[in-house]
Amino acid sequence: MEITLIRYGELALKKGNRKYFEKVLVQNIKAKLPKANIQRQTGRIFCEVDLPKEEIIAILSKIPGITSFSFATRVERDFTAIKDKWFEILSSNPELRSFDNFKFESKRADKSFEIHSDELSKLLAEDMIQKFPEFAGKVKLKDPDMTFYTEIRHDFAYLFTERFKGVGGLPVGTAGKALALLSGGIDSPVASYMIMKRGMKVDFIYFHAYPFTPEQSKEKVLELARILTKYEMKSRMFVIPFTEIQTEIRRSTDPRYLTLLMRRAMMKIASEIGKSYKYDALITGEALSQVASQTIKSMICSNEQSELFVLRPLIGFDKEETVAIAKKIGTYETSILPYADCCSLFVPPNPIIKPDLSDVVAVERNLNASLLIEKAIGEKEIIDI
Ligand code: ATP
Ligand code: MG
């Protein structure tokens, strides 16, 4: 069986904590591949598991902390054994021989191996050209179609031809936990992913204003949470009934303040839940000045309601940059399904874009906000994913 060789770049830089980061990464891999035999070696993780390659690729390419991985054949650290193994691999896999140009590339993780990397690559290429005369004249060192990699490690040599990209970043669970305000839009799923990728465990909170927003809206957000959970082990979603708060805000205030007051109520509730369930931070999908409620003045007004630190990873992003990530991580197609979001429903034509905090607080006094907020928190639904 081929062995999966897993690389993790940035982790290796965290000197003192490196062992801890590696341990968490191994745990996260084990959680997704419970039947795998996993070993840790300096700078690499090796994984043996009896599953189709496509399945392994789908799983490993979504585990933060992994920069890349390859399916490798393990062979004794001996030049003859290595070249014989390459011959065997090439003989039995005609698809590996159908290139226009190629190179051998070698790396010695263990420098005590007697042949230097460049020399080893050259000897292997020469040997293969001798055995497959059609390879002659096809060596190309810069960007060839096919690269035959040999990695010499302390225990064995590892031979492989492909590198699959991982998401990079840091293992989920090494950086605390955050609660993401997840709407059905394009932005907040991307924001959640970006924080996960930096090592935080992310759970979700969704404000549901049934029947203004149909049940499908909740289903859609739940589906987004499920897609995002592929990047971590498991997650939970708090669903907060938002209808009464929204109705009260509409009833009693100047419509120009509507969105802003809804945002403040959301922040307040998320912060309260965040505190009781010991989250370290909140996450939103806001980007500076994307809409009226995301100008700096508006965000200052909503931010004021949170006692937790609020992460806004998309703050400097243009929409196209966010869309590109949404497509890459697989949330885009779900995000663009046309179900209403509670905030898009009653958007006034002329919202306040430069609100003053003291004005907002004055407007808010007309509301029965705190009782309704408490009630909504009491009626939350918790869904484990
Ligand atoms: P998104 O694409 O994430 O909806 P957006 O650019 O459309 O973001 P808004 O809809 O104005 O912006 O919302 C700003 C942020 O507030 C969202 O990114 C999300 O974090 C949060 N949010 C908005 N509506 C909800 C909701 N119904 N439930 C949970 N969070 C919400
Ligand atoms: Mg939205």
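The values are calculated or read from the model by the stated rules, or taken from the named source; none is laboratory data. Please read these numbers as outputs of a predicted model, since none were measured by experiment. Glycine also receives a Cβ, built like all others from the backbone with ideal geometry; neighbour counts cover every protein chain displayed. Just so you know, the surface numbers come from the protein's heavy atoms only, side chains and all, with ligands and any DNA or RNA stripped out. Shrake-Rupley method; radii C 1.70, N 1.55, O 1.52, S 1.80 Å.
Comparison of Leu371, Leu367, Leu337, Leu311 shows that the only residue that is of a type in the set (A, V, I, L, M, F, W, C), touching a residue at least 60 places away in the same chain (Cβ under 8 Å), assigned by TED's automatic domain parsing to the domain that holds Arg256 and within 21 Å of Phe238 (Cβ to Cβ) is Leu311.
One residue stands out in segment 200-220 among those that are in a loop (DSSP other than H, G, I, E, B) and in contact with a Cys (Cβ under 7 Å, 6 or more places away or on another chain): the one that is surrounded by the most Cβ atoms within 10 Å (Cβ to Cβ), namely Thr213.
In segment 8-35, the qualifying residues are those that are at pLDDT 90 or above and farther than 18 Å from Ser68 by Cα, and the one that is farthest from the chain's Cα centre (by Cα) is Lys35. The residues listed here are Glu223, Glu286; of these, the one that is within 22 Å of the chain's Cα centre (by Cα), at pLDDT 95 or above, assigned to a loop (DSSP other than H, G, I, E, B) and closer than 24 Å to Val190 by Cβ is Glu286.
Restricting segment 309-353 to residues that are open to solvent by 30 Å² or more (accessible area, probe 1.4 Å) and of a type in the set (Ser, Thr, Tyr) leaves a set whose member that is farthest from ligand 2 (Cβ to nearest atom) is Tyr332.
Checking each residue of segment 237-258 against the condition of being of a type in the set (S, T, N, Q) and either in a strand (DSSP E or B) or within 14 Å of ligand 2 (Cβ to nearest atom) (or both) gives no match. Each residue in segment 247-282 was checked for being open to solvent by 50 Å² or more (accessible area, probe 1.4 Å), closer than 21 Å to Pro211 by Cβ and of a type outside the set (S, T, N, Q), and 3 pass.
Looking at segment 357-367, is at least one residue assigned to a loop (DSSP other than H, G, I, E, B), within 14 Å of ligand 1 (Cβ to nearest atom) and of a type in the set (A, V, I, L, M)? Checking segment 357-367: not a single residue is assigned to a loop (DSSP other than H, G, I, E, B), within 14 Å of ligand 1 (Cβ to nearest atom) and of a type in the set (A, V, I, L, M). Taking the criterion of being without any contact (Cβ under 8 Å) to a residue 40 or more places away in the chain and surrounded by fewer than 14 Cβ atoms within 10 Å (Cβ to Cβ), the residues of segment 291-308 that qualify are Ile296, Glu307. Counting only residues that are part of a helix (DSSP H, G or I) and modelled with pLDDT under 90, segment 325-356 holds 4 of them.
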